[in-house]
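Some notes on the structure that comes next.
The values are calculated or read from the model by the stated rules, or taken from the named source; none is laboratory data. Values in this document were obtained by computation on a predicted structure and should not be read as measured data. Cβ sites come from the backbone with ideal geometry, for glycine too, and all protein chains shown count toward neighbours.
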Amino acid sequence: MTSNTAQQPAAERESIWRDATFLRHFAGMWVNAFGNGVFNIVLPLLVLDRTDSFAAMGGVALATQLPKAFPGPLVGVLADRLSPRAMMLWAYLLQAALVLTIPAAAGTSTGTVWLIAAIAYTMNTVDLFARTATFVTIPRVYGDRRGKVNTAFASAWTSASVLGPAIGGLLLQVTSADVLMLLDSLTFVAIAAVVLTLGVPTEPGNTSSDRMRESVAQGIAWFRRAPGAGRFLGSIAAVAIVYAPLGTLAVFAVRDVYGEGPTEAGIVTSAAGAGLFLGTLICQRLDDRPKEPVMRRAALCMAAGSALFAVPSWIGAGAAMLVVNLCGMVYAVSRSNLIQERVPVEHLGQTMTTVQSFESAAQPVSVAAVTAVLAVAGLPGAAVFLTVFSLVGALLVLGGGRMLLPGTDAAATTTPGGKSSTSSESLTATAPMAAHGGTR
């Protein structure tokens, strides 16, 4: 009998690191992520320099997060109905142009903060199109290797996001913010040029002629019928509640509770980046494992890490940041892999942006709740709060491995040969063909 491995197409068995298409894509993603890291340190410092106001910095930071709440879900619906290739190209090139307008906005005498906040909001809205288009493209271009690709891209973003701010801060000592904004703009041009070489599908995932409202209704109906959809969203919300206040809580613990200085605060913050990067390395070894058990164990690991905040030392806060971020990365990558594996291709974008909006809605609630708990029960109380929600996130993904896996009555389709199959099975069947450069 021939083994399953032997039956797989050669492209499916080949390491992604030997795939020239993937290597170009990875390099482009890393360069763009590095530019994003530089941007993330330059933008708040530019606002502070122009306004001398921490409130202004917070307002601009809030503007960068608002697109996930609106128009986030609508972006997902559009991503399912538009050409992924065109959407990625226009999104990257538009961001390249928008980032160059920030220095000009910062030079205005009035309305500086409002202009920069508006540009930041627009840039992050456009970025949602690029990221969502990339997400829906990965299964179609890389097929069954999508899990390894997701992990590799996560490692690109985490490593570049750690290096970007550090190098950006150093470069600000020898050059201007305007030059660094130009550098970030060029990284968008670079990733757009890479997209032209990837064979990204030009056909949308959802080719239905239905109105957008009807497509939204169909996506919601599919999700409601999928087993465990409510538990899936509940687990994601619980993990988001744990993750949202981590950075603020760690800095508060180091500076206000234990009275340590900026060196210790920097070490604790760096522990978060180290945890994220280590998490991506672990994900590479978990790619072939069933997704629900990995998510459950990652959430349990987050519970153990959250409990470390109760250790009466800044070292405990650093250890908590390392463990929670490591396990949070494993959870996030497994969540994305599960969505790509089981959600029909015509609803991928809508599902992912809905999940992101759900996470965004949970975050401010979490920050407010942790602030209240700190006032009443101190740091140990906050540790208990985060531990409990981590355990909730783990318990909600208990089950028989069928989360979001539709039955034949939920999403049956008919193939050209007359064979009935589920939408997720149809996606899996087309994956080997898509891995060779699209479905044209």
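Within segment 340-357, at least one residue is in a helix (DSSP H, G or I) and under 22 Å from Ile282 (Cα atoms). Checking each residue in segment 74-125 for being among the hydroxyl-bearing types (Ser, Thr, Tyr) and not in a helix (DSSP H, G or I) picks out Ser83, Thr108, Ser109, Thr110.
In this structure, Thr151 does not qualify as out of contact with any helix residue (DSSP H, G or I) (no Cβ under 6 Å at 6 or more places or on another chain), under 20 Å from Gln356 (Cα atoms) and crowded, with 20+ Cβ neighbours inside 10 Å.
Among the residues of segment 62-73, those that are out of contact with any Phe, Trp or Tyr (no Cβ under 8 Å at 6 or more places or on another chain) and either at pLDDT below 75 or in a helix (DSSP H, G or I) (or both) comprise Leu62, Gln65, Lys68, Ala69, Phe70, Gly72, Pro73.
Being at pLDDT 80 or above, closer than 25 Å to Ala377 by Cβ and surrounded by 23 or more Cβ atoms within 10 Å (Cβ to Cβ) is a description that applies to Val242. Residue check: is Ala253 out of contact with any Lys or Arg (no Cβ under 6 Å at 6 or more places or on another chain), within 30 Å of Ala310 (Cα to Cα) and modelled with pLDDT under 85? Judged against the criteria, Ala253 is a match.
The rows are residues; the columns are (1) out of contact with any strand residue (DSSP E or B) (no Cβ under 7 Å at 6 or more places or on another chain); (2) in the same structural domain as Gly147 (by TED's automatic domain parsing); (3) assigned to a helix (DSSP H, G or I); (4) acidic (Asp, Glu).
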residue: Val251; (1), (2), (3), (4): yes, no, yes, no
residue: Glu264; (1), (2), (3), (4): yes, no, yes, yes
residue: Gly275; (1), (2), (3), (4): yes, no, yes, no
residue: Leu278; (1), (2), (3), (4): yes, no, yes, no
residue: Pro293; (1), (2), (3), (4): yes, no, yes, no
residue: Ala303; (1), (2), (3), (4): yes, no, yes, no
residue: Phe309; (1), (2), (3), (4): yes, no, yes, no
residue: Pro312; (1), (2), (3), (4): yes, no, no, no
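Here Leu171 passes the criteria (1) more than 23 Å from Ala86 (Cβ to Cβ); (2) touching a Phe, Trp or Tyr at 6+ places or on another chain (Cβ under 9 Å) except the one numbered (2). Spot the failing condition for Trp157; the list is (1) without any contact (Cβ under 8 Å) to a residue 60 or more places away in the chain; (2) within 22 Å of Val60 (Cβ to Cβ); (3) part of a helix (DSSP H, G or I), and only one is missed. Just one mismatch for Trp157, condition (1). Is it true that some residue in segment 11-31 is modelled with pLDDT under 75, part of a helix (DSSP H, G or I) and not acidic (Asp, Glu)? Looking through segment 11-31, at least one residue is modelled with pLDDT under 75, part of a helix (DSSP H, G or I) and not acidic (Asp, Glu). Selection of segment 153-173 for residues being of a type in the set (A, V, I, L, M, F, W, C) and over 13 Å from the mean Cα position of the chain (by Cα) yields Ala160, Val162, Leu163, Ala166, Ile167, Leu170, Leu171, Leu172. Look at (1) out of contact with any Phe, Trp or Tyr (no Cβ under 8 Å at 6 or more places or on another chain); (2) at pLDDT below 75 and you find that Asp49 fails only one, number (2).
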